[in-house]
Amino acid sequence: MRWTSYAFVALLVSPAARAGALAQVVHGLGQATGSNAQPAPPAGAGTPSWTGAFAESVAPGYPAGVVPAGVAPPPATGPDVTLQVSFGVMSVHDSDGAVALEVGFVHDDFGLVVRGRSFFEAQSTGSTLRLDLGSIQAAFRAISSGEADLWLEGGVGGVATIDDIHAYGAVAGARIERKLFGDVSVRAAAHYYFLADGVRLLELGGGLRLTCIEVAYRLFDFNVGPPLHGPELSLALTF
């Protein structure tokens, strides 16, 4: 419960006005993309940087699609698709926080994952700065040992702010999931974003999941500003 309190308090309580890590990242993005809309850091802030399918029954001696009385038709079959949904809240060091949503579809060893995350930080002007990070990635399970799965991922992603600063490009990475015992598992992931205008982002994360609750620590290291990092509490559901 201490992690839960820490994450929610950080998200709901407005800190003192300051040029936090997010402001520096956004300023750095503005400089890299050549946008004039980036917020300038206050004086003294330091160096700115921021589907079942229908099965037709055929019985001997009967027309196709006709099932004789007393004969049960075969059950419908279809692709076995798993839906995974996760929602999380994160407390960001030297900033305010972030919220995250992830939706994934898995069929056998193939998957599609859509991820979105919004960082926010109160400014000295009374406004709130926001940075959105998102991606759509295809996934392939390269290793499955029963106890551990290794997924390789790749696709497109990007960042954007409410000040019309944006950069898009490619993203690639991997994640591993290993069952420890019972409903407890450990998870880790690493992704690298190759964005326009030379913007780069390294995303790292790892945590422990018990049934549908996951406690993790995540880091988002932009090459245009200080890293955004901190603990995250997530609710993950599988359908």
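The values are calculated or read from the model by the stated rules, or taken from the named source; none is laboratory data. Predicted, not measured: the structure shown is a model, and the values here were computed from it. Positions of Cβ are backbone-derived with ideal geometry, glycine not excepted, and every protein chain shown enters the neighbour counts. Heads up: the accessible areas ignore ligands, DNA and RNA and are worked out on the full protein's heavy atoms, side chains in. Shrake-Rupley method; radii C 1.70, N 1.55, O 1.52, S 1.80 Å.
Taking the stretch 153-239 as the region of interest, the strands (runs of 3 or more DSSP E) fully inside it that hold 3 or more residues being within 17 Å of G111 (Cβ to Cβ) are 166-181, 184-195, 228-238. Scanning the stretch 125-144 for residues that are of a type in the set (S, T, N, Q), open to solvent by less than 80 Å² (accessible area, probe 1.4 Å) and not in a strand (DSSP E or B) yields one hit, S127. Would you say D164 is of a type in the set (D, E), modelled with pLDDT of 95 or more, over 15 Å from R115 (Cβ atoms) and open to solvent by 40 Å² or more (accessible area, probe 1.4 Å)? Criteria not met by D164. Could you check the stretch 150-161 and list, in sequence order, the residues that are within 18 Å of S185 (Cβ to Cβ) and either surrounded by fewer than 18 Cβ atoms within 10 Å (Cβ to Cβ) or small (G, A, S) (or both)? Within the stretch 150-161, just L150 meets the criteria.
Is it the case that L219 is under 19 Å from D96 (Cα atoms), in contact with a His (Cβ under 6 Å, 6 or more places away or on another chain) and open to solvent by 10 Å² or more (accessible area, probe 1.4 Å)? Considered against the rule, which asks whether it is under 19 Å from D96 (Cα atoms), in contact with a His (Cβ under 6 Å, 6 or more places away or on another chain) and open to solvent by 10 Å² or more (accessible area, probe 1.4 Å), L219 comes out as yes. Of all residue pairs spaced 6 or more apart or on separate chains, those with beta-carbon atoms under 7 Å, a first member in the stretch 213-232 that is farther than 16 Å from V26 by Cβ and a second member that is open to solvent by less than 40 Å² (accessible area, probe 1.4 Å) and at pLDDT below 95 are P231/A7; E232/A7. Among the residues of the stretch 170-205, the ones that are open to solvent by less than 50 Å² (accessible area, probe 1.4 Å) and either more than 16 Å from R115 (Cα to Cα) or touching a helix residue (DSSP H, G or I) at 6+ places or on another chain (Cβ under 8 Å) (or both) come to 7 in all.
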